[in-house]
Amino acid sequence: MPTAPTARIGTTTTLLLARHGETDWNREGRYQGRKDIPLNNTGRDQAGKLAASLLTAPIAAVYSSPLSRAEDTAAAAADLHAMEVTTLDGLAEINHGDWEGLLVTEAAARWPDGMRAWKEAPQTVRMPHGEMLEDVQKRGNSAVGQILHQVHGGVVFAVAHDAVNRALLCSWLGMPLAAFWRIRQDAACLNVIQFTREATTGWTPRVCLVNSLAHFGKLWADSDHAAR
């Protein structure tokens, strides 16, 4: 891809950042991480409704995690805009390591101290053979930096994952990763962040909307299927 010119001072890029639709493992409460679990029927319907809500948005590019549940959610919108989906490894879900495939109760039985820390101080935890939230936040911000470098002055749609989105929102809101659980990311939710190119600080984020489910005709979800 050709190198994009440097954005002019004052340029604003709007990032529409979504979480992927539901999978069977989400519904069951299993840790997915890097396991490539596909969307279920509900997830595909959610992706379609999210895409339809963005039909009139002036989307200039579509990005996604390389995991199929995210890429297929992104593709639903990309198809309506006759666009391709560009995948970025930095948007992939946190590596849950040995917890992947396990129910929360199963992981808690095998690693009680680790699970307790994950719930009480998530920023301190590295799952066995997995990642820390600091790692996820760093690579996620790097991926968003690539997006801002390639497409600026327009609207971009990107689909990532629960932990990635929470970690990024903590960063953009100036919150420590200790506050990770204070942010909710429901299946196929939408976040809106505007990045403005500043003379001294580079791209400055302004969080406009978090965990919107308006495209489903509701303000909040009745249940939460994400593994905790």
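Condition check ((1) more than 27 Å from Lys218 (Cα to Cα); (2) under 19 Å from the mean Cα position of the chain (by Cα); (3) not β-branched (Val, Ile, Thr)) across all residues:
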site: Leu50; (1), (2), (3): no, yes, yes
site: Leu55; (1), (2), (3): no, no, yes
site: Ser65; (1), (2), (3): no, yes, yes
site: Ala78; (1), (2), (3): no, yes, yes
site: Leu88; (1), (2), (3): yes, yes, yes
site: Glu93; (1), (2), (3): no, yes, yes
site: Leu102; (1), (2), (3): yes, no, yes
site: Thr105; (1), (2), (3): yes, no, no
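For the stretch 197-218, which residues satisfy the criterion of being outside any strand (DSSP E or B), of a type outside the set (Gly, Ala, Ser) and free of Cβ contacts under 8 Å to residues at least 12 places away in the same chain?
Within the stretch 197-218, Thr200, Thr201, Lys218 qualify.
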(request) Run down Ala121, Ala107 and say which single residue is touching a residue at least 24 places away in the same chain (Cβ under 8 Å), touching a helix residue (DSSP H, G or I) at 6+ places or on another chain (Cβ under 9 Å) and crowded, with 17+ Cβ neighbours inside 10 Å. (result) Ala107
(message) Every residue in the stretch 168-196 that is of a type in the set (A, V, I, L, M, F, W, C) and without any contact (Cβ under 8 Å) to a residue 60 or more places away in the chain, please.
(response) Leu169, Cys170, Trp172, Leu173, Met175, Leu177, Ala178, Ala179, Phe180, Ile183
(message) Here are the criteria: (1) of a type in the set (Val, Ile, Thr); (2) surrounded by 18 or more Cβ atoms within 10 Å (Cβ to Cβ); (3) touching an Asp or Glu at 6+ places or on another chain (Cβ under 7 Å). Tell me which single one Thr204 does not satisfy.
(response) (2)
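Those residues that are assigned to a helix (DSSP H, G or I) and under 15 Å from the mean Cα position of the chain (by Cα), I need them from the stretch 13-42; list them, please.
The answer is Asn26, and nothing else.
Yes or no, residue by residue, for (1) farther than 25 Å from Ala47 by Cα; (2) of a type in the set (Ser, Thr, Tyr):
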{"position": "Val156", "(1), (2)": "no, no"}
{"position": "Ser171", "(1), (2)": "yes, yes"}
{"position": "Arg197", "(1), (2)": "yes, no"}
{"position": "Thr200", "(1), (2)": "yes, yes"}
{"position": "Pro205", "(1), (2)": "yes, no"}
{"position": "Val210", "(1), (2)": "no, no"}
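Can you confirm whether the stretch 19-36 contains a residue that is under 23 Å from His96 (Cβ atoms), touching a Pro at 6+ places or on another chain (Cβ under 8 Å) and β-branched (Val, Ile, Thr)?
Scanning the stretch 19-36 turns up at least one residue that is under 23 Å from His96 (Cβ atoms), touching a Pro at 6+ places or on another chain (Cβ under 8 Å) and β-branched (Val, Ile, Thr).
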(request) Pull up the stretch 186-221, narrow it to residues that are β-branched (Val, Ile, Thr) and within 17 Å of Ala167 (Cα to Cα), then point me to the one that is modelled with the lowest pLDDT. (result) Thr204
(request) Just give me the residues in the stretch 150-171 being in a helix (DSSP H, G or I), surrounded by fewer than 20 Cβ atoms within 10 Å (Cβ to Cβ) and either modelled with pLDDT of 95 or more or in contact with a Ser or Thr (Cβ under 8 Å, 6 or more places away or on another chain) (or both), in sequence order. (result) Ser171
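Is there a residue being among the aromatic types (Phe, Trp, Tyr) and within 22 Å of Arg182 (Cα to Cα) anywhere in the stretch 153-165? If you could, list the steps in order and put the result at the bottom.
Initially, the stretch 153-165 is screened for residues among the aromatic types (Phe, Trp, Tyr), giving 157.
In the following step, the residues that additionally are within 22 Å of Arg182 (Cα to Cα) were identified as none.
Looking for residues that are among the aromatic types (Phe, Trp, Tyr) and within 22 Å of Arg182 (Cα to Cα), one finds none in the stretch 153-165, hence no.
The values are calculated or read from the model by the stated rules, or taken from the named source; none is laboratory data. Computed from a predicted structure; not experimentally measured. Glycine also receives a Cβ, built like all others from the backbone with ideal geometry; neighbour counts cover every protein chain displayed.
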